[in-house]
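Below: the structure, in structure tokens.
The values are calculated or read from the model by the stated rules, or taken from the named source; none is laboratory data. Small disclaimer: the values here were computed from a predicted structure and weren't measured. Backbone-built Cβ (ideal geometry, glycine too); neighbour counts: all protein chains shown.
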Amino acid sequence: MGINQIQKVGLAVFKEKILMARSGRNAEIFYTLGGKVEASESDEECVVREVREEASTEITPGSLRFLREFTAAAHDKPNTNIVLKLYTASLVSEPMPANEVVELAYLDTTSSEKYFSELSRKVFHWLHKNDYIN
């Protein structure tokens, strides 16, 4: 049996070199804003939709920029990898948790690793190495 691949996009939002992350219902793991790309939408359209759905805000027009693609084992999904295309952008207003998002928090490399999936660890390591976060 092969490894399944799930294509996702994520948005890295920074505040004073700390990354905004979100958690969902019944989860202690934090992720970037974002989700699965629907068949009829581009990566960019997905990021805009997910930010609206998860954080009740919009992306500042013209600020969306691709950072890097990451691949790692999915958290709690055997034989599955997540392929995440990570973007960054500024937001037009302060984000507020919405829909399945329970909490928005700002995390950096001093935050406890218990909050990170394998994919989150890769993202945080790269963001730190490239001076996006502390």
> If ASP108 passes every condition in (1) at negative phi; (2) loosely packed, with under 14 Cβ neighbours inside 10 Å; (3) in contact with a strand residue (DSSP E or B) (Cβ under 7 Å, 6 or more places away or on another chain); (4) at pLDDT below 95 but one, which one does it miss?
Replying inline: (2)
> Can you name the condition, by its number, that GLU69 falls short on among (1) closer than 18 Å to ARG121 by Cα; (2) in contact (Cβ under 8 Å) with a residue 24 or more places away in the chain?
Replying inline: (2)
>> For the structure I just gave you, tell me whether ARG52 is of a type in the set (Lys, Arg) and under 15 Å from SER93 (Cα atoms).
In response: yes
>> Return the residues of segment 49-83 that are crowded, with 18+ Cβ neighbours inside 10 Å, closer than 15 Å to VAL13 by Cα and among the aliphatic types (A, V, I, L, M); say none if nothing qualifies.
In response: VAL51, ALA55, ILE59
> In segment 125-134, which residues are surrounded by fewer than 15 Cβ atoms within 10 Å (Cβ to Cβ) and not in a loop (DSSP other than H, G, I, E, B)?
Replying inline: HIS125, LYS129
> Just checking, which of LYS122, LYS114 is touching a residue at least 60 places away in the same chain (Cβ under 8 Å), part of a helix (DSSP H, G or I) and charged (D, E, K, R)?
Replying inline: LYS114
> Can you pull out the residues in segment 1-26 that are part of a loop (DSSP other than H, G, I, E, B) and either buried (at least 21 other Cβ atoms within 10 Å of the Cβ) or without any contact (Cβ under 8 Å) to a residue 40 or more places away in the chain (or both)?
Replying inline: VAL13, GLU16, ASN26
> Which ones in segment 84-105 are surrounded by fewer than 17 Cβ atoms within 10 Å (Cβ to Cβ), under 13 Å from LYS15 (Cβ atoms) and of a type in the set (A, V, I, L, M)?
Replying inline: ALA105
> Mind checking which residues of segment 68-111 are out of contact with any Phe, Trp or Tyr (no Cβ under 9 Å at 6 or more places or on another chain), within 23 Å of SER42 (Cα to Cα), of a type in the set (Val, Ile, Thr) and not in a loop (DSSP other than H, G, I, E, B)?
Replying inline: THR71, THR80, VAL101
